[in-house]
Amino acid sequence: MPLPNDLARLRFDSRFLDALPADPLDTPVPRQVSGAVYSWCAPTPVAAPQLLSWSASCAALLGLGSAPEDAQTSAAVFAGNHLLPGSRPYASCYGGHQFGQWAGQLGDGRAILLGTVIGADGRRLEVQLKGAGRTPYSRHADGRAVLRSSIREYLCSEAMHHLGIPTTRALCLVGTGEGVMRDMFYDGRSQEEPGAIVTRVAESFLRFGHFEIFAARGETDLLRTLLDYTITTHFPALGRPSKEVYVACFDEVCRRTAVMVAHWLRVGFVHGVMNTDNLSMLGLTIDYGPYGWIDNFDPAFTPNTTDRSGRYAFAQQARVAGWNLSCLANALMPVVNDAAALEQCLQHYGEHFEHTYLDMLRDKLGLAKDGEAEADMALINRLFACLGAAGADMTLFHRSLATIDATTPIDAALEMLAPAFYAPPDTRASEQLVDWLRSWQAQLATATEPDDMRRTRMNAANPWLIPRNWLAQSAIKAAEADDLSVLERLMDAIRTPYTVQPAYADLAVRRPDWARAEPGCAALSCSS
Ligand code: AMP
Ligand code: MG
């Protein structure tokens, strides 16, 4: 197949493959893989690849154009039907703690890496096909992905990037032309759904679980080799690997994880499955499964129906990330041998999270950056209680709040906030809110920052638009009926999420009533 110029220009780099040992077997037969970081594994070709969507912004990272030069060839390449020259595909081995329990070997069960490509700015970027067929890590599953979950991952990866949140990226969405059987709610009602593949792009897809598996197996040399590779490739500024540098690397993972989770809380994102195999060593949001967004402010919200205890609910995420980091610390112990130093990093995680989160919350509320932390947190916690009691929409409330100033009369302020409420707040909730508004306005009245700057700062921390579940679900329903226009419109809208876009005003509204209990909106399973 002659390659169009854009794809022919992609250059592969073999550092990962050269530095790390491969599994000597090269069949996709499910197995325990020891002594190796990855297994050679080709994508399984699909019946009728069709390019459904292309992210111009992610394409630019790879030096590709805003539209593919040849959609059909691109579909074949990003379905895994046609391998690019220089690509030696593989799946990687990792383990993980799932819902608090060690789950043993997991690995890339349906993600196949085409390799590392040199990006437009010279950065190395791993390119991965999710849903490309069985690998040695597929266990009993099919290695495929359905269109609905692929749209969710594709949309949200790009939305998170534009929201300024560290994330893996998505280049394109390809329909496979094949059906995939899924029991969406694990209730014995399996159905055939359209299959799809998302091409994911990231500097690295390394997870905490990549280190945990070698620690669990006592493969200390391999653990050290992987850590050395991670440092020299992804954290070169830390210096040549040594015991001190290992600790510094863990400290940096803690710092990045703290920043990532603080961003999630800032925009109302719930990851949904924060198992250690779904936490990135680079602090990127990774593996978009049954994730969701807070509509009415509810700290206990999780969209994941599999998570009955709410382990991964919205307000649990910072604590859980800390727990996951302690699993990573345990995994690194055999090469670091200094529990106190790792403990200290975990403590830094807590401090860094609190500091970063408070800083973001001050922006969200337009509070002075150098205020008294305890007083600010008290004001913030009072707001959270108000939002919860009144059932206010988190995103709309914060955007409306920015329009109020220290002198706005309370009645006018309440009117400006009204679009954020799902139902008129009861008397108690109203009184609470009025009290809070008075305290907040009193704080604004003492600020030295000009009001327009305060407003700009608030609007840069509070998105005007987030890809709420019901929006994703509308795009999915249309795409399943062969109409991709809803997805394209949403993909366009999420590119500037902090800017009011009158053409997309219908997307920046409260969750409609139909979506309250609709599967795919409020309730999602891991079936994907
Ligand atoms: P997740 O919950 O999506 O993070 O996946 C957990 C593990 O299950 C990972 O090792 C995945 O690769 C694997 N997995 C999930 N779905 C499939 C599938 N359809 N086929 C093969 N492996 C899968
Ligand atoms: Mg995963």
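If amide H atoms are built 1.01 Å from N in the plane of the peptide, which residues on other chains or at least 5 residues away come under 5 Å of the amide H of A313?
When sequence neighbours closer than 5 places are left aside, there are no close amide H contacts.
Going by average Cβ density within 10 Å per residue, which order do the peptides 180-191, 143-154, 515-526, 200-211 take, highest to lowest?
On the way: 180-191: 13.1, 143-154: 25.8, 515-526: 17.1, 200-211: 24.3.
So the order, starting with the most tightly packed, is 143-154, 200-211, 515-526, 180-191.
Under the classification rounded if a/c is under 1.5, otherwise prolate if a/b is larger than b/c and oblate if not, where does the stretch 1-133 fall, given a ≥ b ≥ c as square roots of the Cα gyration tensor eigenvalues? Provide the component values of the computation, followed by the final result.
Numbers: a/c = 1.85, a/b = 1.69, b/c = 1.09.
Because a/c hits 1.5 or more and a/b exceeds b/c, the stretch 1-133 counts as prolate.
Which percent of the accessible area of the chain is formed by carbon and sulfur heavy atoms (probe 1.4 angstrom)? Write down the numbers at each step before the final one.
On the way: 10750 of 20430 Å².
In the chain, the share of accessible area belonging to carbon and sulfur is 53 percent.
Please report the net charge: other residues with Cβ closer than 14 Å to the Cβ of M160, K and R +1, D and E -1. Can you show the working numbers first?
Numbers: positive: R152, R169, R200, R266, R468, R495; negative: E153, E158, D287.
Residues near M160 contribute +3 overall.
Calculate the spin-label point distance for A67 paired with A368, positioning each point 7 Å from the Cα along the beta-carbon direction, and give it in nanometres.
The two pseudo-label positions are separated by 5.4 nm.
Given H placed 1.01 Å from N in the peptide plane, which residues other than close sequence neighbours of G104 have an amide H under 5 Å from its amide H?
G96
Tell me, what is the 1.4 Å probe accessible area of T176, in Å² to the nearest 10?
The accessible area of T176 comes to roughly 0 Å².
Which value, in Å², gives the accessible area per residue of the chain when a 1.4 Å probe is used on the protein heavy atoms?
Details: 20430 Å² over 528 residues.
Roughly 39 Å² per residue, with all protein chains present.
Roughly how far apart, in whole Å, are the Cα centres of the stretch 339-414 and the stretch 109-149?
Cα centres, the stretch 339-414 to the stretch 109-149: 38 Å.
When the Cα centres of the stretch 186-237 and the stretch 257-288 are compared, how far apart do they sit, in Å?
Using only Cα atoms, the two centres lie 15 Å from each other.
Apply 1/(1 + (r/R0)^6) to the Cβ-Cβ distance of D187 and D506, taking R0 = 35 Å, and write down the FRET efficiency to the nearest 0.05.
After rounding to 0.05, the efficiency reads 0.55.
Quick check: residue separation of D298 and N337 times 0.36 nm, minus the Cα distance between them. What number comes out in nm?
Values: separation 39, 0.36 × 39 = 14.04 nm, distance 4.14 nm.
Residue separation times 0.36 nm, minus the Cα-Cα distance, leaves 9.9 nm.
List the GluC sites (Glu not before Pro) in the stretch 361-418 that DSSP assigns to loop (not H, G, I, E or B) and whose Cβ has at most 10 other Cβ atoms within 10 Å. Which are they?
Working: sites: E372, E374, E415; in loops: E372.
Taking the stretch 361-418 and a limit of 10 other Cβ atoms within 10 Å, the loop GluC sites (Glu not before Pro) found are E372.
Stretch Q101-A460 to full length: gain in nm at 0.36 nm per residue minus the Cα-Cα span?
Numbers: separation 359, 0.36 × 359 = 129.24 nm, distance 3.89 nm.
Contour length minus Cα-Cα distance gives 125.4 nm.
Of P290, L365, L114, which is farthest on the positive side of the dipole of the chain, counting Cα position, with +1 on Lys and Arg Cβ, -1 on Asp and Glu Cβ, and the Cα centre as origin?
It is L114, whose Cα lies furthest towards the positive end.
Given labels modelled 7 Å from the Cα in the Cβ direction, how far is it in nm from A442 to E415?
2.6 nm
Roughly how many nanometres apart are two label points built 7 Å out from the Cα toward the Cβ at D142 and Q32?
The answer from the label model is 2.9 nm.
Peptides 40-46, 155-161: what's the order by average Cβ count within 10 Å, highest mean first?
Working: 40-46: 20.4, 155-161: 25.0.
Answer by packing, highest mean first, reads 155-161, 40-46.
When all protein chains stay in place, what accessible area (Å², nearest 10, 1.4 Å probe) is found for M453?
Around 110 Å² of this residue is reachable by solvent.
Using the Cα gyration tensor of the stretch 223-363, with a ≥ b ≥ c the square roots of its eigenvalues, what is the shape: rounded (a/c below 1.5), prolate (a/b larger than b/c) or oblate (neither)?
Details: a/c = 2.19, a/b = 1.81, b/c = 1.21.
Taking the square roots of the gyration eigenvalues as a ≥ b ≥ c, the stretch 223-363 is prolate.
Which loop-located chymotrypsin sites (Phe, Trp or Tyr not before Pro) does the stretch 436-528 contain, where loop means any DSSP state but H, G, I, E or B and the Cβ has at most 14 other Cβ atoms within 10 Å?
On the way: sites: W436, W440, W464, W470, Y498, Y504, W514; in loops: W464, Y498.
Filter output for the stretch 436-528: empty list.
In debye to the nearest 20, how big a dipole does the chain give about its Cα centre with +1 on each Lys and Arg Cβ and -1 on each Asp and Glu Cβ?
On the way: 46 positive and 59 negative charges, 136 e Å.
With only Lys, Arg, Asp and Glu charged at Cβ, the dipole is about 660 debye.
Explain nothing, just the number: dipole magnitude of the stretch 114-230 about its Cα centre with +1 on each Lys and Arg Cβ and -1 on each Asp and Glu Cβ, in debye rounded to the nearest 20.
Values: 15 positive and 15 negative charges, 8 e Å.
That gives a dipole near 40 debye.
The values are calculated or read from the model by the stated rules, or taken from the named source; none is laboratory data. As the structure is a computational prediction, the values presented were derived from the model and not from experiment. Heads up, the Cβs are rebuilt from the backbone with ideal geometry, glycines too, and the neighbour counts pull from every protein chain shown. With ligands, DNA and RNA removed, areas are computed over all heavy atoms of the protein, side chains included. Shrake-Rupley method; radii C 1.70, N 1.55, O 1.52, S 1.80 Å.
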